[in-house]
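Here is the structure we will look at, set down as structure tokens.
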Amino acid sequence: MTETTSAARSAIFDRIQKANSSVQARSQVADYAAISREYQQSASKHRAAILETFAERLREYDARVHQASSMTVAEAIRIALAEHGQHSALVANAFPKEWLPDGLSWRAEADAEVDAMDKAEGAIVTCKVAIAHTGTIVLKDARKLTLLPDRLLCVVREDQVVETVPEAFARLQSLATDALTFVSGPSATADIEMTRIRGVHGPRFLDVVLV
Amino acid sequence: MSIRVGEAAEAPSFQKAAHMLLKDDQLRTNVRHATDVITQKRSHVVAEQHDWQQLRDAGSAIKAHTLRFLDHYLDQFEAACTAAGGHVHWAADADEANRIIVGLIQRQGGREIIKVKTMTSDEIGLNRALEANGIHPHETDLADMIIQLGHDQPSHIVVPALHKNRRQVREIFMQAMGLKELGDRPEDLTDAARRYLREKFLKVKIGFSGANFLIAETGGVCVVESEGNGRMCLTLPDVLITIAGVEKVIPTFRDLEVFLQLLPRSATGERMNPYNSLWTGVHPDEGPREFHVVLLDNGRTRILADHESRETLHCIRCGACLNTCPVYRQTGGHAYGSIYAGPIGAILTPQLFDMEHSQSLPYASSLCGACYEVCPVKINIPEVLIHLRGRVVREQQSGASLEAIGMKAMARVFATRRRFEAAQRLGRIAQWPFISQGWIHHLPGMLGNWTAVRDLRPMPSQTFRNWWRGREKGNSND
């Protein structure tokens, strides 16, 4: 820390303390606890309806949704990739390799440099949590892998899908200091005449296999 | 201290600037279209969120609480971020922030940086400071890129180039990127930006961003975006520098569950924006190996000191108040002379200056209250506007301005019935040269400020009191 910034630090703290000298009626802990949180914090729908909402939201984002059982994940991935005419993929370090279809030419994320990711046909990953209400998947790490290739395929287990945003945060608390990416549909912009365009810099295609 | 808010200190008054911009039909058409689209999408996704009011209450309460214990949370953030491998810097004003940032880049030997959209960097005039030191900033948000390549100013917090249409964007891109051919469909333009920037993303070693939220509990930072340019800048470079106002801190990771519901619905009318990135310090396996965050005051603690308007600091920069504001929808953003436009700009800009500049902005409103209704963190903008008008008037009264003398004279006239009625008689005679077809369009001298923006009905030939007196005598003429 340079000298000037620490001078700035104490000046800023002084001004804050002066400005707040008359408003701290109770302790910070008690004041925080008193914040009213009347918003919805738990699920209100049946499981089937939650999963249906999740799939519907994804489709609204132009993502493709593929259903699979734990026995047919590899087959679902094979079909999803075939629809794009995709033959190879980079696979996240943590991805269960038994889910990869036979005949797919794949490399692990750890073995790929940024250039290889830039040129790769697509990436295959799992998520930590998914949010039905907003059609969101939450990824841990694999930040470059899920960004550079033009296609992203994510396998989501049904028990990872929660209804609301607060439920997702409750589940993510233990990962609070990890690198997390919330993905809601493919990359998009509406900067030119408010016309929504899919795929600016991130992947243009998002496939979700729901197990 | 030298507070800077973009070029706002040198800007003409809102009323003067708006007068010119109202003649720009293209600008007004574009602004109307863009704000209509976002407003409609917003109201759809807000209506389906049955607990919207409860979320607003919580968002407002969390922000108010954080401001009451701002020193505690900044301290906590600094400690946690440092423990996670980040470096925290403090800047009292714009110049100091620029010095710190330029110094960090020069230490790396950097000649260029890639930038994610950040209003705060526009506030401190970072790009100009970088260029003065031979460092080229590449704006990577599509709209910011349009602004930068077109040598223009942002006109909206969330969609800064909404005043440009596709043909104008095509012209700018063809010239700046040296393209011979380019379609004018938004798809073609977006694709050109993708190709142009991908090379920069892979090559430039220093990334720069703002922050939507700083998390005191973890020392983490959250950036929300749509295009993926943010993720590129946050993960690909070796070094990442983030600037954030001190008011961006929130207490806990969990508090994001409120703001990540309020922000996307309010800003772009989406249930969730395509990408939210969260990181804490430096992550060992991936991403930048060096992370700096510059915490900026630049007038914020002075806003904190005014208890009647400190809620201005609740703002999460969603832009909903701009889109709904009948004044903004007519003038667009440039009339505000500040990178912070619309109702929030009208209260934020002059306060950052401690009311020394931009004194016309608190009057750039009809006080209709639409902004308060849509604000996701319940900033009572009309109330703050009135409070600030009071501050402007009190400041002007302390001097011997013509207006102050006029007001004192007026108070004397209004004090007795005799003087008041004499003034009315005088007014009826004095007004007749200015009446045309039943309206007064122009008044002379200082009174002209009033008629510059509205027409007046002339004073009636008979006052109510005259009529009442006549009625008692039995010669009412109605």
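What follows draws every value from the coordinates through simple rules; no lab data is involved. A quick note: this is a predicted structure, and the numbers were derived from the prediction, not measured. Positions of Cβ are generated from backbone atoms using ideal geometry, with glycine treated the same way; all protein chains shown enter the neighbour counts.
Here are the numbers:
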| read-out | value |
| --- | --- |
| Those Cys residues of chain B for which no other cysteine Cβ falls under 4.7 Å | B:C81, B:C222, B:C233, B:C315, B:C318, B:C325, B:C368, B:C375 |
| Phi-based couplings in Hz for segment B:60-70 (Karplus 6.51, -1.76, 1.60; Gly and Pro marked x) | 5, 5, 5, 5, 4, 4, 4, 5, 5, 10, 4 |
| Inter-chain Cβ neighbour average for residues B:64-72, partner chain, 10 Å | 6 |
| Projected label distance in nm at B:Q54 and A:D159, using a 7 Å step from Cα toward the beta-carbon | 2.8 nm |
| Relative packing of B:78-86, A:162-170, B:333-341, B:451-459, which averages over residues the other C-beta atoms within 10 Å, highest first | B:333-341, A:162-170, B:78-86, B:451-459 |
| Euclidean distance of C-alpha centroids, segment B:141-169 and segment B:291-328, integer Å | 22 Å |
| Euclidean distance of C-alpha centroids, segment A:107-149 and segment B:49-107, integer Å | 29 Å |
| Kirkwood hydrodynamic radius over Cα pairs of the protein assembly as shown, then Stokes diffusion coefficient at 10 °C and 1.306 mPa s, in µm²/s | 58 µm²/s |
| Chain A, relative contact order in percent, only Cα pairs under 8 angstrom and at least six apart counted | 24 percent |
| Per-pair calculated FRET efficiency, R0 = 25 Å: B:I386 and B:A430 via Cβ, rounded to 0.05 | 0.20 |
| Label-to-label distance, nm, for residues given as B:R418 and A:A94 (7 Å Cα→Cβ offset) | 8.8 nm |
| All Cα pairs of segment A:47-210, percent lying beyond 30 Å | 12 percent |
| From phi via Karplus (6.51, -1.76, 1.60), per-residue ³J(HN,Hα) for segment B:32-42 in Hz, x at Gly/Pro | 4, 4, 5, 5, 4, 4, 5, 4, 5, 4, 4 |
| Whole-number D in µm²/s for chain B (Stokes-Einstein; Kirkwood sum over Cα pairs; 20 °C, 1.002 mPa s) | 87 µm²/s |
| For segment B:19-301, diffusion coefficient by Stokes-Einstein and Kirkwood Rh (Cα), 10 °C, 1.306 mPa s, µm²/s | 79 µm²/s |
| Residues B:D24 and B:H44, FRET efficiency given R0 of 25 Å [Cβ-Cβ distance, rounded to 0.05] | 0.25 |
| Given charges at Cβ of Lys, Arg, Asp, Glu: segment B:166-293 dipole, positive-most of B:I250, B:N229, B:A193 | B:A193 |
| Ordering of B:134-145, B:290-301, B:314-325, B:411-422 by packing [mean C-beta count within 10 Å, highest first] | B:314-325, B:290-301, B:134-145, B:411-422 |
| Integer Hz, Karplus 6.51/-1.76/1.60 couplings in order for segment B:161-168, x for Gly and Pro | 10, 5, 7, 9, 9, 4, 5, 5 |
| Partner chain coverage, peptide A:139-149 - average Cβ within 10 angstrom | 4 |
| A:T126 long-range amide H proximity, modeled H, under 5 Å | A:V155 |
| Average other protein chain Cβ within 10 Å of Cβ, residues A:126-135 | 2 |
| Local electrostatic count, A:R143, Cβ distance below 15 Å [Lys/Arg +1, Asp/Glu -1] | -4 |
| Cα principal axis extents for segment B:280-409, largest first, Å | 73, 30, 26 |
| Contour excess over end-to-end distance, with Cα ends at A:R196 and A:A108 and 0.36 nm allotted per residue | 28.3 nm |
| Of A:K140/B:K115; A:K119/B:K180; A:K140/B:K41; A:K144/B:K200; A:K18/B:K248; A:K144/B:K203, those spanning more than 22 Å from alpha-carbon to alpha-carbon | A:K140/B:K115; A:K119/B:K180; A:K140/B:K41 |
| Kirkwood Rh, Cα atoms: Rg over Rh of segment B:34-98 | 1.19 |
| FRET efficiency for A:D62 and B:R289, using Cβ-Cβ distance with R0 set to 45 Å, rounded to 0.05 | 0.80 |
| Principal-axis tilt of helix B:256-267 within chain B, Cα atoms, nearest 10 degrees | 60 degrees |
